[in-house]
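The values are calculated or read from the model by the stated rules, or taken from the named source; none is laboratory data. Since we're looking at a predicted model, the values are computed, not measured. Glycine also receives a Cβ, built like all others from the backbone with ideal geometry; neighbour counts cover every protein chain displayed. Keep in mind that these areas ignore ligands, DNA and RNA; they rest on the heavy atoms of the full protein, side chains included. Shrake-Rupley method; radii C 1.70, N 1.55, O 1.52, S 1.80 Å.
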Amino acid sequence: MAGFQPPSLSLNYLPFSGNIPNEEVLLLPEFVPWSQVQIIGKPDWLDVIFIDYAYDEEDEDQIIGLRYTIAIKPQAANQLPVGYHTGNITLRVKRPFVFQDRNYILPVTLRILQYVQLAISPVIWQVNYTQGNTPPSGNFFQVSASRPWSITSNQTYLTFSQTNGVGTAQVAAYVDVNAVPLGTHIAQFLVDDGANTVTGTVVIKIFGDGPNDYVVVNPAGLEFSETYHLNPTDVRTFTVDSSVDNVVSTNVGWLEFSETDLDAGFSTVSVRTINTQTLDLGAYPATISISNPETGTRTIDVILLIVAKQLPGLVNGGFYYSEDRNKLSMNNSAANQQATLAIKATGKFGIKNYVKRVPYYQNLMQSVIGLETKILLTQELIPVLNSSIFYVPIKPVRYDIRLNNVAILGLNNLAQTISSGNQFQNLRFINGRNPVNGKAEKAFFTRLTYLPEKIEVAADGWLAISMRYIGAVSNFKANLIVGNNVAEPIPTIWPVNLSNTEIYTALIKVSELNAVPGNRYLLEFEKMKTEIQIKHSQMPTTQIIWENEWDCPEIFNCTGPLEITNDDGSTTTTLTREGQDYEKTIEIKRPKSFSINTGNIYQAERDFLGTIMHAKRIWIQIGKDRFEVIRNFRNVDIFKTREFVTDFTLKFKAAVQ
């Protein structure tokens, strides 16, 4: 029977689950052979993937149909609302040598299931028990999820009514209080659905059967960092809330306490490092003990890092460049740990949430942040070059990061996060490297262009000037330079009129200065200054435009001759008819090539032109027409001895044919 087998499909999809539903279908056309099969219609949320031909069971060389896989496209399906969605896949089969087409339709029904982000409630609770009393009953918490999940505890005395399940469920947590000694203890558990993890915490306080003696120590761990061979400077504190007197001690000689004999009640103890100048590079563990005869000993885990230099890490509200490989650095005193980074990226594309997991090595975790900017950041279209204009070429990608420490599955000692703060907010990234190249960056602006600070340009040329500026930019002005001084007449001023941005680009039409060859001007984009000199040009200039490493536009003005060529782009095939070869054109393209001479340029302009080799997108502006092009050259000689003035002939081909 001709048509699709099966004649229709029904698919269920859970957004963001990572599971992509797919089904195989068979298309049996009414006629064999056929010359072409086209997909002429399908929903945006489906992919149609050709697998192989179907063959006759009796004649294995005879093709009778085609096999396809119909699969969900997660990028589109994730945006659909919960419920049912229908669409048709339409394939057109063409019969050879005759104008006879036949369309085949496969109806598809897609059900979007409700997606529930993994969560637990509550995430922390406390269990109090006095020895000799009736043990407490279980504490219930709710697991909310769409995917199958499992629970892992870091303590054997913490168990659950169920350790795995699917969807939302009420789970009881039980503490075997007879297996827990006197004092305050923290047990944690991990709920994992394969895509995300959440951590729950149970605080257990065990009191004696006499007076309710207790000792509560906070935090559970301390981290110190000192620079190799320098005098120690690090100071930390911990608190002790106790019903009895306590004594503080340590097992190492490089810790010193503000007091060691603590009276009952609430105490704050300062701890500082001493005598660390002789320690080699590395990590040094230690233990602080808080002891009394009534409840025993409580401990604080300590880690000391001796580093060659202090790790800079990332700071809230910072501005960064993705190719600098900026690292988020955290320390942890607990063993067998990995950091879970819940990252929220915000930009022109919307909001994307994802998770990175990085293990600690020698109590140090480092993760490069911002490499995703190359994928996430979207550039604005470069405006049409009619008159001078100001625009925002890019909006930085904002990253907000929540960091949690969890134990590697199968290992105990799931410790609390002890690093100073686990929230990193408003980290703004753009592509490229830091343009200051290790120099002290000016507090108010940074150049985001390779345009030389002094350059020659023809009177009908264009300039692209981009910068990062902290604060509002009010205007752009050009002052005529006479001799070595700025002239007195009123400068040419363009209002900028941009707000809520820190990235600015000015596209300046030089002819608006009414300049003549020989004139010099000082261009001021707030604090960013560029000096230009108007040069002679016997023919109209041609502009080469490209996006630099920061995704900002660069413009190079060519004063030499321009040549445009229409190339042969036809595709032919040879057929045999009645014993004779017949050549037929089957496809016509319209390729175009460009040859542009730069005119005489100096060393600074030569260096500037050399940066085109790192551009991903290039355009040629001829009058009011703009063509996207591809380079047909592999290098630009940016320096030769005894050669001070030169010109280049650059060849391009049209990107769209």
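Worth a mention:
- Residue ranges 81-91, 524-534 sort as 524-534, 81-91 when ordered by packing (mean number of other C-beta atoms within 10 Å per residue, highest first).
- Low-density loop positions, chymotrypsin sites (Phe, Trp or Tyr not before Pro), segment 181-241 - DSSP coil, at most 15 other Cβ in 10 Å: Tyr228
- Couplings for segment 528-539, taken from phi via the Karplus curve 6.51 cos²θ - 1.76 cosθ + 1.60 with θ = phi - 60°, read 8, 10, 9, 9, 10, 10, 7, 10, 6, 8, 7, 9 Hz in order; Gly and Pro are left as x.
- Whole-Hz couplings from phi, Karplus 6.51/-1.76/1.60, listed for segment 120-132; x for Gly and Pro: 10, 8, x, 9, 8, 8, 10, 10, 10, 8, 9, 4, x
- Unit charges at the beta carbon, dipole of the chain: most positive-side option, Asn12, Tyr214, Ile351: Ile351
- Relative to one another, the C-alpha centroids of segment 165-189 and segment 508-574 are positioned 70 Å apart.
- Taking the Cα centre of the chain as reference, the dipole from Cβ charges on Lys and Arg (+1) and Asp and Glu (-1) amounts to some 1820 debye.
- Computed over the chain: relative contact order in percent, which uses C-alpha pairs under 8 Å that are six or more apart: 7
- Accessible surface of Trp462 - all protein chains present, 1.4 Å probe, nearest 10 Å²: 20
- Neighbourhood net charge (13 Å Cβ-Cβ; Lys/Arg +1, Asp/Glu -1) for Gln338: +1
- Area of His229 that stays accessible when all protein chains are in place (1.4 Å probe, Å², to 10): 120
- Report note on the peptides 47-55, 604-612: ranked by the mean count of other C-beta atoms within 10 Å, highest first, their order is 604-612, 47-55.
- Answer label, with percent of Cα pairs over 51 Å apart calculated from the coordinates and candidates (1) 36; (2) 40; (3) 47: (2)
- Filter on Lys344/Lys653; Lys348/Lys509; Lys352/Lys616 - keep pairs with C-alpha separation over 32 Å: Lys344/Lys653
- Relative contact order of segment 159-288, defined on C-alpha pairs under 8 angstrom at six or more residues apart (%): 18
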